[in-house]
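Below is one structure; the comments refer to it alone.
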Amino acid sequence: MISLDEAVTARLESHGEQFEVLVDPDAALAIKRGEFEGDIEDVIAAEDVFEDAATGDRPPETALEDVFETTDPLEIIPEVIKRGEIQITAEQRREMQAQKHRQLVNQIARNAVNPQMDNAPHPPERIESALEEADFRIDPMEPVETQVDDALGALRPVIPIRFDTITVATQLPPEYAGSGQAQVREFGDLQEEEWQADGSWIGVVEFPAGLQNEFYNLVNEVTSGEAETQIIEDKDDISTR
């Protein structure tokens, strides 16, 4: 279950009765779209159906039977969400908007580079400032993923930006290869790997280009700065970092 502070109210009016349930806002939107996967118990604040959630009043069981043909809250809750309206207060809307704005900035920062600066990552602060300059406002009632393209469209007149991936070959010395390679391979999509005769490990990893600095920090940390890395641009062109 989630806390009451995290929940929004979904309300359905039918047969002269009102039914309210308390649910996670993102889960409620996913349920309305038919995209929810998981257990309903994990995304609700109360395993109950209310006539008025604010006061805790409950509708008569006969009303539940008339409208939903059951009194089981776990069967009724998704129906209230699907058939009803999601109610959010102004404060909840602001909090949801702020949370999704942070998620949007982080997602863009993870994937975006500056094509005018050798595809260097854009710091989150730069993206934050550019979104503000572009006057982009995220919709708190829509998934972040569906708003990324609109955000990029708003950013392009303000800063040079594009989404890209990067492929890096990394060689870990023998004394660090055993433990270090597990962390490197999990950082992105492992394209190739090879153990050398001396016990060193070479791995080729692809990951979002915005994570370059994080990747180099990782390999330096797991090898005390003794790793070797190369950015692979194509089969015939390898530029050494």
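The values are calculated or read from the model by the stated rules, or taken from the named source; none is laboratory data. Here the structure is a predicted model, which means the values were calculated and not measured. Glycine also receives a Cβ, built like all others from the backbone with ideal geometry; neighbour counts cover every protein chain displayed.
Worth pointing out:
- The selection criterion, being touching a helix residue (DSSP H, G or I) at 6+ places or on another chain (Cβ under 8 Å) and of a type outside the set (D, E, K, R), holds for THR170.
- Output for the stretch 55-102, where each listed residue is touching a helix residue (DSSP H, G or I) at 6+ places or on another chain (Cβ under 8 Å), more than 13 Å from GLU17 (Cβ to Cβ) and of a type in the set (A, V, I, L, M): LEU74, ILE77, ILE81, ILE86, ILE88, MET96
- When the stretch 1-21 is limited to residues that are part of a loop (DSSP other than H, G, I, E, B) and within 19 Å of the chain's Cα centre (by Cα), the one that is surrounded by the most Cβ atoms within 10 Å (Cβ to Cβ) turns out to be ALA7.
- Pairs meeting the criteria (first residue in the stretch 122-150 and touching a residue at least 24 places away in the same chain (Cβ under 8 Å), second residue among the basic types (Lys, Arg), beta carbons under 7 Å, at least 6 apart or on different chains) are ILE138/LYS100; PRO140/ARG93; PRO140/LYS100; VAL144/LYS100.
- Helices (runs of 4 or more DSSP H) fully within the stretch 22-96 that include at least 1 residues being surrounded by fewer than 20 Cβ atoms within 10 Å (Cβ to Cβ) and at pLDDT 95 or above: 61-68, 73-83.
- Scope the stretch 74-87; condition farther than 15 Å from ASP24 by Cα and either hydroxyl-bearing (Ser, Thr, Tyr) or without any contact (Cβ under 8 Å) to a residue 40 or more places away in the chain (or both); matching residues: GLU75
- Output for the stretch 188-206, where each listed residue is closer than 17 Å to GLU221 by Cβ, within 31 Å of the chain's Cα centre (by Cα) and modelled with pLDDT of 95 or more: GLY203, VAL205
- Comparison of LYS100, LYS82 shows that the only residue that is outside the structural domain of LEU12 (by TED's automatic domain parsing) and either under 21 Å from the mean Cα position of the chain (by Cα) or farther than 30 Å from GLY210 by Cα (or both) is LYS100.
- Taking (1) touching a strand residue (DSSP E or B) at 6+ places or on another chain (Cβ under 6 Å); (2) buried (at least 18 other Cβ atoms within 10 Å of the Cβ) in turn, LEU218 satisfies each apart from (1).
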